[in-house]
Amino acid sequence: MKTFEERLNDYVLSHPGFNANYVYDYVLQQHKKAIWKVQHRVEERLQNMLASNASVLFLTITFDDEHLPTKENEKSTETLVFDYLVSQPGVISFVANTDYGKKNGRFHWHALVLTELDLSHLGWMCGSVDFERVRKTSVPLRLSRYLVKLKKHATKILDPVIIYYPNHFRAKGGE
């Protein structure tokens, strides 16, 4: 998703005769619509996962010191995390995003994974993976806070990193 500044610049370049205030207001409105769409898409996917009959796991995927990416290389970890999650047998769907620890500011990933089987720590050679099964009857406070954070994180103006699998979620037996 383009940043607001990028959208504004594109619009000004393609419409040089327009009033600057009008252009600003129009692009801001379009940007807000784009943010709402992303938030809605994330929320819908999470609700579908929690409504499914399969298990939902909350993962924290960390990097050891040897594999911890530099600030410039953090986006390159997207492929590593995607490949790890897709390689797990039984994975139906997931939503994953980057985060930084509160205490030390250390880079890591979180994921909500819809799966028919238990996941394995095997296959993630860059650090560790912590699993927590989500009880669908009563979502714990920690997880509910994370879900709100994930929805907001999906629309960060500065280079959001969020990955979905598969691209279009379809519940088993669903339309």
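What pairs can you find where one residue is in region 64-76 and in a loop (DSSP other than H, G, I, E, B), the other is not small (Gly, Ala, Ser), and their Cβ atoms are less than 7 Å apart, with a gap of 6+ or different chains?
Sorted first by the residue in region 64-76, then by its partner, the pairs are ASP64/CYS126; HIS67/CYS126; LEU68/PHE107; PRO69/PHE63; PRO69/THR77; PRO69/PHE107.
Could you tell me whether ASN48 is assigned to a helix (DSSP H, G or I) and either surrounded by fewer than 19 Cβ atoms within 10 Å (Cβ to Cβ) or without any contact (Cβ under 8 Å) to a residue 40 or more places away in the chain (or both)?
When the stated conditions are applied, ASN48 passes them.
For region 1-41, which positions are over 22 Å from VAL95 (Cα atoms) and in a loop (DSSP other than H, G, I, E, B)?
HIS15, PRO16, GLY17, PHE18, ASN19
I'd like the residue in region 59-91 that is acidic (Asp, Glu) and at pLDDT below 90 and, out of all such residues, is nearest to ASN104 (Cα to Cα).
Initial filter on region 59-91 (acidic (Asp, Glu)): 64-66, 72, 74, 78, 83.
Among the residues that remain, those that are also at pLDDT below 90 are: 72, 74, 78, 83.
Values: GLU72: 18, GLU74: 16, GLU78: 21, ASP83: 27 Å.
Here the residue is GLU74.
Cβ-Cβ under 6 Å, sequence separation 6+ or interchain: first residue in region 1-21 and at pLDDT 75 or above, partner part of a loop (DSSP other than H, G, I, E, B). Which pairs?
Sorted first by the residue in region 1-21, then by its partner, the pairs are THR3/ILE157.
The values are calculated or read from the model by the stated rules, or taken from the named source; none is laboratory data. Since we're looking at a predicted model, the values are computed, not measured. Reconstructed Cβ throughout: ideal geometry from the backbone, glycine too, with neighbour counts over all protein chains shown.
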